[in-house]
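J.: What follows is a single structure, and I will ask about it in a moment.
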Amino acid sequence: MSNTSITNAESGLVHAEVVRRELVTPHMVRVTLSGDDLRRFVFTGFDQWFRLAIPVRDDGSSLADLPDSFGIGGYLRYLRLPKQTRPVIRNYTVRSFRPATDAAALPELDIDFVVHGDQGIAGPWAAAAKPGDAVALIDQGHGWPDQRPADWVLLVADESGLPAVAGILRDLPRDAVGHAFIEVLDERDRQPTGAPRGVQVHWLARSGGEAPGSLALPAVQQLSFLPGRVSAFAVGEQALAAGVRRHLVRERDVPKGDVTFSGYWRVGRSAPS
Ligand SMILES: Cc1cc2nc3c(=O)[nH]c(=O)nc-3n(C[C@H](O)[C@H](O)[C@H](O)COP(=O)(O)OP(=O)(O)OC[C@H]3O[C@@H](n4cnc5c(N)ncnc54)[C@H](O)[C@@H]3O)c2cc1C
């Protein structure tokens, strides 16, 4: 479930390759992409996300058959590709983007992948990614409504939404105020956020093996709201995103239109496609 806006960016299908992989915290692996085609990528910041196409064959040749956009037409075209060989599509956030500084240099894009064991495609792919591995991506814009009028912000995420919330905190106006709740697997999974001074960042560590979202939702329920209109953003495991939205709308009388939410993943379920 999601009510985030999707922008099918003009850059269409952008090809890139892995140049680095680094374990930034115990449960987060950062994969850096680069390549000439990445010059066409337009960085809009905040929680900008994209469809990441991961080849299931080593040579990466199947990336060439992908559609240019992931609207209804593009998605149907993708589904018509042979299931055994078509790349797997997963959604990821731009953790950072460094444009090329001159004609000789190449841009770089970082993606932070949650390390979640050997289940699935993207997580295990990232854990083993090596320089030269080919991928492609389709930019979908940012979901954070940066023009929505508000007196304060409330951002909530689990570890899968850490890159999104960190991106919003980095790009918010410096005089923004509010609260951000970021639930992680371990105290050591905290990351610097560059949050505005007026936004208090609450790190919640599930070190006791608790269910995803089980710390962030109660923390939001106990929060003393700031005065005025809130602009809220809740992403992560489906139950967390939906639970925060339900609480805000039903128990805090926040208008539905002031809550952006998206279930980024579901316990026990693979992402579709
Ligand atoms: C807009 C958007 C942006 C996103 N940005 C990021 C991002 O920047 N970084 C990031 O790590 N994720 C991000 N996600 C979530 C990511 O797309 C999902 O976690 C995805 O399911 C991972 O694919 P997979 O192939 O590894 O696992 P899947 O094949 O989808 O699932 C296999 C198994 O792994 C489990 N699983 C999947 N994700 C997780 C997880 N995070 N923790 C624990 N278990 C999991 C599933 O429940 C399932 O049992 C984003 C999702 C959306 C919608």
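J.: I'd like to check something: does segment 230-237 contain any residue that is more than 13 Å from the ligand (Cβ to nearest atom) and more than 20 Å from Gly213 (Cβ to Cβ)?
T.: Yes, because at least one residue in segment 230-237 is more than 13 Å from the ligand (Cβ to nearest atom) and more than 20 Å from Gly213 (Cβ to Cβ).
J.: Provide a single number: the residues in segment 90-129 that are within 14 Å of the ligand (Cβ to nearest atom) and either modelled with pLDDT under 95 or in a loop (DSSP other than H, G, I, E, B) (or both).
T.: 10
J.: How about segment 218-239: which of its residues are without any contact (Cβ under 8 Å) to a residue 40 or more places away in the chain and either in a helix (DSSP H, G or I) or in contact with a Ser or Thr (Cβ under 9 Å, 6 or more places away or on another chain) (or both)?
T.: Pro218, Ala219, Gln221, Ala239 - these are the residues of segment 218-239 that are without any contact (Cβ under 8 Å) to a residue 40 or more places away in the chain and either in a helix (DSSP H, G or I) or in contact with a Ser or Thr (Cβ under 9 Å, 6 or more places away or on another chain) (or both).
J.: Being away from the ligand (no atom under 16 Å from the Cβ), in contact with a Pro (Cβ under 9 Å, 6 or more places away or on another chain), open to solvent by 40 Å² or more (accessible area, probe 1.4 Å) and under 28 Å from Asp171 (Cα atoms), is that true of even one residue in segment 39-47?
T.: Yes, because at least one residue in segment 39-47 is away from the ligand (no atom under 16 Å from the Cβ), in contact with a Pro (Cβ under 9 Å, 6 or more places away or on another chain), open to solvent by 40 Å² or more (accessible area, probe 1.4 Å) and under 28 Å from Asp171 (Cα atoms).
J.: Suppose we filter Ala176, Ala242 for residues that are open to solvent by less than 40 Å² (accessible area, probe 1.4 Å) and without any contact (Cβ under 8 Å) to a residue 60 or more places away in the chain; which single one remains?
T.: On inspection, the qualifying residue turns out to be Ala176.
J.: On the given criteria, is Leu169 more than 14 Å from the ligand (Cβ to nearest atom), crowded, with 17+ Cβ neighbours inside 10 Å and not in a helix (DSSP H, G or I)?
T.: no
J.: Can you tell me which of Ala129, Ala103, Ala122 is assigned by TED's automatic domain parsing to the domain that holds Leu33, among the small types (Gly, Ala, Ser) and more than 20 Å from the chain's Cα centre (by Cα)?
T.: Selected residue: Ala103, the only one of Ala129, Ala103, Ala122 that is assigned by TED's automatic domain parsing to the domain that holds Leu33, among the small types (Gly, Ala, Ser) and more than 20 Å from the chain's Cα centre (by Cα).
J.: Scan segment 71-79 and give yes if some residue there is touching a helix residue (DSSP H, G or I) at 6+ places or on another chain (Cβ under 8 Å) and either modelled with pLDDT of 95 or more or over 14 Å from Ala16 (Cα atoms) (or both), otherwise no.
T.: Within segment 71-79 (the criterion being touching a helix residue (DSSP H, G or I) at 6+ places or on another chain (Cβ under 8 Å) and either modelled with pLDDT of 95 or more or over 14 Å from Ala16 (Cα atoms) (or both)), the answer is no, since none of the residues qualifies.
The values are calculated or read from the model by the stated rules, or taken from the named source; none is laboratory data. Given the structure is predicted, the values throughout are model-derived calculations rather than measurements. As a convention, Cβ positions derive from the backbone with ideal geometry for all residues, glycine included, and neighbour counts pool all protein chains shown. All accessible areas refer to the heavy atoms of the entire protein, side chains included, with ligands and DNA or RNA removed. Shrake-Rupley method; radii C 1.70, N 1.55, O 1.52, S 1.80 Å.
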